[in-house]
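Peer 1: Right, I'll just put the structure down here and ask away after.
The values are calculated or read from the model by the stated rules, or taken from the named source; none is laboratory data. Predicted model, so just to flag it, every value in this text is computed and none were measured. Cβ sites come from the backbone with ideal geometry, for glycine too, and all protein chains shown count toward neighbours.
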Amino acid sequence: MRHDTVGWHLIGHSLVARRKPLAGLAAWSALEALPATVTGLLLAKAIDTGFLRGDIRTGLLYLSGLLLAYALGGIATRFTFPMIGSIVEPLRDELMHAVVAGIVRGSDGVIADGATISRITQQVESVRRSVAALLNGLRRFAFTIVAAAIGLSALAGEIVWLILPPVLVSALLFTALLRRLARRQRATIEANERVAREASAAIGGHRDIAAFGRQDEVVDGVHLALSAERAAQQRLAGATATRSLITAIGGQLPLLALLLAAPWLIDRGMSAGVLVGAATYLSAHLEPAMRMLTELVGGSGLQLAVTIRRLAALDHAPAPAQAGEPVTPRGNRVMVDDIWFSYGADTEPVLRELSFAVPEDGHLAIVGPSGIGKSTLAMLLAGLALPCRGEVTVGAVRPDGIAAHHRREHIVLVPQESYVFRATVADNLRYLAPESNEHELVTAAELVGADELITRLGGLRAQLDPATLSAGEKQLIGLARAYASRARVVILDEASCHLDPAAEAHAERAFRDRPGTLIVIAHRAASALRADHILLLDGTRAFFGDHDDLLTSCALYAELVAPAGQRGSGHGGSAVPHEPVCR
């Protein structure tokens, strides 16, 4: 089943599960629509049997009835909003639970960094607001239209044929426009997200950008993203203007038709009061209801459809491996063969034509500017996403072919923000290796340099409160947890960036001496100097080799590792790839 279909199913299921609040909302909505039912009737009576006959008292009496109807409708409105909240708020919680559960189970394959988490939270909140607006608007539209139709039919059923054609034409035109509105709304959101990504990468990696001398290129990239966003907004504005014209057809033409037909209707015996009452139904109820419907469906409705689809688009991960005998890697050699990866069909590839190999028990450092695709590559190596083209294997097995609950026995990815939960220290360290005993946990902590921290916390059996730990302390817990695991491929994605250089070097040496393959997304140039192999990513190119090779064959690498005072002084030769490289 399509994931956006699942999202709509979740919304429908949540609404159906709250039948009692929905029934109460419908009852109050019917009372709220009372003015739309009686407005024209009471005005017609006030004019024809009161004011036109000189009976002001009778006219005022009918107007008092109209005032009472509006008062009752206002009271009903007061009770509808709490009911809408009781229906929509649980939906927001259920949707957030479903999204978080999918990410935690590894089915969504997203890089759960701060930007992604913020985007998910905003999108779930957008769904809540859109559903609330749709629920409130659609029930008002439905009850208002039905009430006005009942009142108008009771007042002058013979003029319905004047009103119906423009309303139907407006509805057909609006339906035809919806698909274009949806496309342009989606394009605007995607353009906005691209601007956020480009600007975030540029700001976050400004030091690397300056070091590589790529300021003009990065500024041009942000400018192009801003231009694309502006063009998308202009196209959306054009479609929105067309929507306003269609709304006028459905809301204003019926009133215009009634006014043009008024002399003919009066000749046929229709009273002035009935004409005023019919015009009131059209101007005070039909036209606002039509405008509200088109703005609501073309606004909140499209926003909801696009957001549900965007939440579904977070799923880049392979389907879970089939239950049964788990696939077991044969060794820990890592192979990457001609992979391409992008975050959407219409987006530029983050990685392209990338090939390299890390031998058994090898040590690879991956370097390059911020936002260049290093964390994406780590995600692919860990099996949390599939390349769009090409293949990644670990021990001659695709990582996504290993059942998720067995994958931690072979591959461990330690992200920059280490996951620490409220439990004992031992429970946190044992998270990837439930069978580990206390001696093994203590040894792992000592080897990565976390022993002093654990002693200060009160030992393995002390309760851990994540809120009291610094970012560096959380990273030490994450490193000790990874070391205690049984995995023979460890990927450190800037997992020690909050540690001082000496502590980072100590932890990396521990993993280097540990059996297995080590892949480090390098935060400092010193990590590259400690590695057997180095992969330099530079957007359209990649360079693979050891330190001495890259120092002489790649000017960009020479700039990266040169002392700050020597950068830009011409270290290194021309940027000639060293095999194996991107083809």
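Peer 1: Among the candidates A241, A237, A231, A278, single out the residue that is modelled with pLDDT of 80 or more and buried (at least 22 other Cβ atoms within 10 Å of the Cβ).
Peer 2: Details: A241 fails: buried (at least 22 other Cβ atoms within 10 Å of the Cβ); A237 fails: buried (at least 22 other Cβ atoms within 10 Å of the Cβ); A231 fails: buried (at least 22 other Cβ atoms within 10 Å of the Cβ).
Answer to the check: A278.
Peer 1: Looking at G383 and the list (1) buried (at least 20 other Cβ atoms within 10 Å of the Cβ); (2) not in a loop (DSSP other than H, G, I, E, B), which single condition is not satisfied?
Peer 2: Answer for G383: the failing condition is (2).
Peer 1: Moving on to the next point. State which residue pairs qualify: first residue in the same structural domain as G73 (by TED's automatic domain parsing) and free of Cβ contacts under 8 Å to residues at least 24 places away in the same chain and inside segment 16-44, second residue assigned to a helix (DSSP H, G or I) and not polar (S, T, N, Q) in any location, beta carbons under 9 Å apart, and separation of 6 or more residues or different chains.
Peer 2: Partner pairs satisfying both residue conditions: V16/L22; A17/P90; A27/A76.
Peer 1: Kindly list, by first and then second residue, each pair from a residue in segment 174-185 that is under 17 Å from T247 (Cβ atoms) to a residue that is surrounded by fewer than 18 Cβ atoms within 10 Å (Cβ to Cβ) and β-branched (V, I, T), limited to pairs with Cβ atoms under 7 Å and residues at least 6 apart or on different chains.
Peer 2: Taking only residues 6 or more apart or on different chains, the pairs are L177/T242.
Peer 1: State whether one or more residues within segment 471-479 are assigned to a loop (DSSP other than H, G, I, E, B) and either in the same structural domain as V350 (by TED's automatic domain parsing) or without any contact (Cβ under 8 Å) to a residue 60 or more places away in the chain (or both).
Peer 2: So the first thing to find is which residues in segment 471-479 are assigned to a loop (DSSP other than H, G, I, E, B), and the list is none.
Within segment 471-479 (the criterion being assigned to a loop (DSSP other than H, G, I, E, B) and either in the same structural domain as V350 (by TED's automatic domain parsing) or without any contact (Cβ under 8 Å) to a residue 60 or more places away in the chain (or both)), the answer is no, since none of the residues qualifies.
Peer 1: Collect the residues in segment 404-432 that are in a helix (DSSP H, G or I) and polar (S, T, N, Q), keeping them in residue-number order. It would help to see each step written out before you state the result.
Peer 2: Taking segment 404-432 as the starting set, the residues that turn out to be in a helix (DSSP H, G or I) are 404-407, 425-429.
Scanning segment 404-432 gives a single hit, N428.
Peer 1: List the pairs whose first member sits in segment 283-302 and is in contact (Cβ under 8 Å) with a residue 12 or more places away in the chain and closer than 15 Å to T37 by Cα, whose second member is of a type in the set (V, I, T) and surrounded by 21 or more Cβ atoms within 10 Å (Cβ to Cβ), and whose Cβ atoms are under 6 Å apart, counting only residues at least 6 apart or on separate chains?
Peer 2: Listed by first residue and then by second, the contacts come to H285/T144; A289/T144.
Peer 1: Here's a follow-up. Criterion first (hydroxyl-bearing (S, T, Y), at pLDDT below 85, farther than 30 Å from L384 by Cα and in a helix (DSSP H, G or I)) does S300 satisfy it? So that I can check it myself, show each step before the final result.
Peer 2: On the way: hydroxyl-bearing (S, T, Y): yes; at pLDDT below 85: yes; farther than 30 Å from L384 by Cα: yes; in a helix (DSSP H, G or I): yes.
Answer is yes for this residue.
Peer 1: Quick one: is L529 part of a helix (DSSP H, G or I), modelled with pLDDT under 90 and touching a helix residue (DSSP H, G or I) at 6+ places or on another chain (Cβ under 9 Å)? Give the derivation first.
Peer 2: Working: part of a helix (DSSP H, G or I): yes; modelled with pLDDT under 90: yes; touching a helix residue (DSSP H, G or I) at 6+ places or on another chain (Cβ under 9 Å): yes.
Yes: the conditions hold for L529.
Peer 1: Would you mention how many residues in segment 433-451 are assigned to a loop (DSSP other than H, G, I, E, B) and surrounded by 19 or more Cβ atoms within 10 Å (Cβ to Cβ)? Give the steps one after another, and end with the answer.
Peer 2: If we filter segment 433-451 for residues that are assigned to a loop (DSSP other than H, G, I, E, B), which is where we start, we get 433-437, 449-450.
Among the residues that remain, those that are also surrounded by 19 or more Cβ atoms within 10 Å (Cβ to Cβ) are: 433, 436, 449-450.
So the count comes out to 4.
Peer 1: Taking interchain pairs and intrachain pairs at least six residues apart, which have beta carbon atoms under 7 angstrom, with the first residue in segment 361-372 and touching a residue at least 40 places away in the same chain (Cβ under 8 Å) and charged (D, E, K, R) and the second outside any strand (DSSP E or B) and surrounded by fewer than 24 Cβ atoms within 10 Å (Cβ to Cβ)?
Peer 2: Matching pairs, first to second residue: D361/N332; D361/P515; D361/G516.
Peer 1: Whether any residue in segment 199-209 is loosely packed, with under 15 Cβ neighbours inside 10 Å, in a loop (DSSP other than H, G, I, E, B) and of a type in the set (G, A, S) is what I want to check.
Peer 2: No, segment 199-209 contains no residue that is loosely packed, with under 15 Cβ neighbours inside 10 Å, in a loop (DSSP other than H, G, I, E, B) and of a type in the set (G, A, S).
Peer 1: Give segment 402-430 a look and list any residue that's out of contact with any strand residue (DSSP E or B) (no Cβ under 9 Å at 6 or more places or on another chain) and surrounded by fewer than 21 Cβ atoms within 10 Å (Cβ to Cβ), or say none.
Peer 2: Those that are out of contact with any strand residue (DSSP E or B) (no Cβ under 9 Å at 6 or more places or on another chain) and surrounded by fewer than 21 Cβ atoms within 10 Å (Cβ to Cβ): A403, A404, H405, H406, R408, E409, E417, Y419, A426.
Peer 1: Any idea which of (1) at pLDDT 90 or above; (2) buried (at least 20 other Cβ atoms within 10 Å of the Cβ) is the one M335 doesn't satisfy?
Peer 2: The failed condition is (2).
Peer 1: A further question follows. Report whether or not V219 is under 30 Å from L556 (Cα atoms) and of a type in the set (V, I, T). I'd like the intermediate steps shown before the answer.
Peer 2: On the way: under 30 Å from L556 (Cα atoms): yes; of a type in the set (V, I, T): yes.
Yes.
Peer 1: Condition first: closer than 30 Å to A23 by Cβ and β-branched (V, I, T). Now tell me which residues in segment 43-79 satisfy that.
Peer 2: I75, T77
Peer 1: Which one is modelled with the lowest pLDDT, of the residues in segment 166-185 that are within 23 Å of E348 (Cβ to Cβ) and buried (at least 19 other Cβ atoms within 10 Å of the Cβ)? Break it down stepwise before answering.
Peer 2: Within segment 166-185, the first condition is being within 23 Å of E348 (Cβ to Cβ), and the residues that meet it are 183-185.
Still in the running and buried (at least 19 other Cβ atoms within 10 Å of the Cβ): 184-185.
Numbers: R184: 85, Q185: 78.
My answer is Q185.
Conditions tested, residue by residue: (1) among the aliphatic types (A, V, I, L, M); (2) surrounded by 19 or more Cβ atoms within 10 Å (Cβ to Cβ); (3) over 30 Å from the mean Cα position of the chain (by Cα).
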residue	(1), (2), (3)
D493	no, yes, no
S496	no, yes, no
E508	no, yes, yes
L518	yes, yes, yes
H523	no, yes, no
L535	yes, yes, yes
T540	no, no, no
G545	no, yes, yes
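Peer 1: Is one or more of the residues making up segment 355-364 surrounded by 21 or more Cβ atoms within 10 Å (Cβ to Cβ) and either in a loop (DSSP other than H, G, I, E, B) or touching a helix residue (DSSP H, G or I) at 6+ places or on another chain (Cβ under 7 Å) (or both)? Working first, answer last.
Peer 2: Residues of segment 355-364 that are surrounded by 21 or more Cβ atoms within 10 Å (Cβ to Cβ), as a first pass: 356, 358, 364.
Then drop every residue that is not either in a loop (DSSP other than H, G, I, E, B) or touching a helix residue (DSSP H, G or I) at 6+ places or on another chain (Cβ under 7 Å) (or both), which leaves none.
Looking through segment 355-364, none of the residues is surrounded by 21 or more Cβ atoms within 10 Å (Cβ to Cβ) and either in a loop (DSSP other than H, G, I, E, B) or touching a helix residue (DSSP H, G or I) at 6+ places or on another chain (Cβ under 7 Å) (or both).
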